[in-house]
Amino acid sequence: MPNTAAYIAEAEKYSAHNYHPLPVVLDRGEGAWVWDVDGNRYLDCLSAYSAVNQGHRHPAIVAAAKEQLDRLTLTSRAFHNDQMGPFLRELCELTKYEKALPMNTGAEAVETAIKAVRRWGYRVKGIPEDKAEIIVCENNFHGRTTTIVSFSSEESYRAGFGPLTPGFPMIPYGELGALRQAITSNTAGFLVEPIQGEGGVVVPPDGYLKAAYEVCQSNRVLFMADEIQTGLGRTGRMFGSDWEAVRPDVVMIGKALSGGFYPVSAMLSDSEVMDMFAPGDHGSTFGGNPLGAAIARAALKVLVEEQLFERAAELGNWFMDELRGIDSPHVALVRGKGLLIGVVVRDESGPARPFCEELQRRGILAKETHEQVIRFAPPLVVEKETLEWALGEIAEVLTQPVAVG
Ligand SMILES: *Cc1c(COP(=O)(O)O)cnc(C)c1O
């Protein structure tokens, strides 16, 4: 039986080196827990970047997946299937949008939204051909396609991948004045994350989303919320935008939409924007497939029936307070909302990575983001007692006299 090192060497040998994972090889998961090939148990504090909000292998989603596997998995959109319609209706009823367009990955949902909003800019707003602009924020993360990385402020995401796609003016995140100044008669949309997850769990100033939405409204600019990480309960509400009672014109969701079983994403909007698409304009072989749709229906039902939004808010508030209470020489600040929490490590204490490695040795899997931030985002089904135990371990790691590693 191969061991951890052998599995890692194999992956290194046969694939591109486009990730820097923690040296752990997992082979089983249940709820908030995962196990490695040597039988060690870990608390998953990443939740696959918030894709497993419902916990690993939630039994209700497993059952729905198995049942659908025995019936029908893929039809393509050349034919109808009996799962997609109910999925879209349930999704729209839950999120209160008129329409949803199903895709697979988050990046595809973002691409879909960009296409819809650009076309709305031309056909409805009357922007001259090829002049439509979508304003984006510095430090954003919206995915990895060539168009999406074109408007990343992260040099390594873009370098060597040009020519880049134009039409995405960039402004500082959280600055309302910059948004006002950037808007022109060619602005079709403003694309924003309610909290910048990959950017280091960056929370904008209170009132920013609401005010930005109003600026967009009064300039006929579509407010586009990337809720792929912040949506579906992670921050303690259905959407991160709900915290400021903003109803975005366009929402992108993915990740937890399938509870981590299968790539399912969607763009949500009302008809005015969604009706920009006609047959042949956009599509995906797997988008809206019956297996993904059945899984997503079950995944949404779990979020609602187990009141995971409320749970994330309650546990998150308490957990964040406890983290802030740790008297650590290494922590600059703790920020976040619900169970999307970032612990920012002081520059003087070195990068966050060695802290993550020490947490791994103690049975907690957390991943650094942007060098200095340790993200804590466990599945929303995590037990409070489990987090109490984790806090003890985290406190010890963060109060060691010198940076570990
Ligand atoms: C993960 C993520 C994406 C991209 O999703 P993929 O499924 O990896 O393509 C886009 N936006 C945000 C905010 C994300 O966190």
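The values are calculated or read from the model by the stated rules, or taken from the named source; none is laboratory data. Small disclaimer: the values here were computed from a predicted structure and weren't measured. Cβ sites come from the backbone with ideal geometry, for glycine too, and all protein chains shown count toward neighbours. For accessibility, only protein heavy atoms count, side chains too; no ligands or nucleic acids. Shrake-Rupley method; radii C 1.70, N 1.55, O 1.52, S 1.80 Å.
A few points about this structure:
- When you filter the trypsin sites (Lys or Arg not before Pro) in region 210-287 for DSSP loop state and at most 16 other Cβ atoms inside 10 Å of their Cβ, you are left with Arg220.
- Radius, Kirkwood style, for region 206-336 when every pair of distinct Cα atoms is counted (Å): 17.0
- Label-point separation in nm, Val304 to Ala278, each point 7 Å along Cα→Cβ: 3.5
- Residues in region 124-164 reached by a label modelled at Arg220 [backbone nitrogen below 18 Å; 7 Å Cα→Cβ]: 124-135
- Scanning the chain for DSSP H helices at least 20 Å long along the axis (C-alpha atoms) with a Kyte-Doolittle mean no lower than -1.0 picks out 106-120, 290-305, 308-325, 384-399.
- Highest-MSF residue in the chain out of Leu257, Leu339, Leu303 [GNM, Cα springs under 10 Å]: Leu303
- Under a Gaussian network description of the chain, with springs only between Cα atoms under 10 Å, the residue in His17, His330, His142 that fluctuates furthest is His17.
- Additional length obtainable on full extension of the chain from Ser185 to Arg89, 0.36 nm per residue less Cα span: 31.1 nm
- MRE, 222 nm, helices only [DSSP H, n ≥ 4, -39500 (n - 2.57), over the chain, to nearest 500]: -10500 deg cm²/dmol
- Sulfur and carbon atoms: percent of accessible area, the chain [1.4 Å]: 51
- Convex hull volume per residue, computed on the Cα atoms of the chain, equals 150 Å³.
- Ordered by 1.4 Å accessible area with all protein chains kept, Val397, Val124 run largest first as Val124, Val397.
- Model label zone, Phe161; criterion: amide N under 16 Å from point 7 Å along Cα-to-beta-carbon; scope region 7-34: 16-20
- For Asp242, the accessible area of its heavy atoms, probed at 1.4 Å with every protein chain present, is near 50 square angstrom.
- Note on Lys96: accessible area is roughly 140 Å² with a 1.4 Å probe, heavy atoms of protein only.
- Counting only Cβ charges, +1 for Lys and Arg and -1 for Asp and Glu, the dipole size of region 59-305 around its Cα centre is about 340 debye.
- Inter-label distance for Asp38 and Ala78, nm, one decimal - labels placed 7 Å from Cα along Cα-to-Cβ: 5.0
- Bridgeable aspartates and glutamates around Lys255 (alpha carbons under 16 Å apart, same-chain partners fewer than 8 residues away excluded): Asp44, Glu108, Glu111, Glu193, Glu198, Asp226, Glu227.
- Å² of accessible area per residue within the chain, as computed with a 1.4 Å probe and no ligands counted: 44
- Environment charge of Pro59, counting only residues whose C-beta is closer than 13 Å and scoring Lys/Arg +1, Asp/Glu -1: -1
- Considering only Ser15, Asn40, Phe319, the residue lying farthest towards the positive end of the dipole of the chain is Ser15, judged by Cα position with unit charges set on Cβ.
- Under 24 Å from Lys13, Cα to Cα: lysines that are on another chain or at least 8 residues apart: Lys367
- Residues in region 334-373 reached by a label modelled at Tyr19 [backbone nitrogen below 14 Å; 7 Å Cα→Cβ]: 366-368
- Here the label points at Glu10 and Glu385, each 7 Å from Cα along the C-beta direction, are separated by 3.6 nm in the simple model.
- Sequence of Phe286, Phe355, Phe261 when ordered by accessible area, the most exposed leading, probe 1.4 angstrom: Phe286, Phe261, Phe355
- Dipole axis of region 59-305 (+1 Lys, Arg; -1 Asp, Glu on Cβ), positive-most option in Pro59, His80, Ala278: His80
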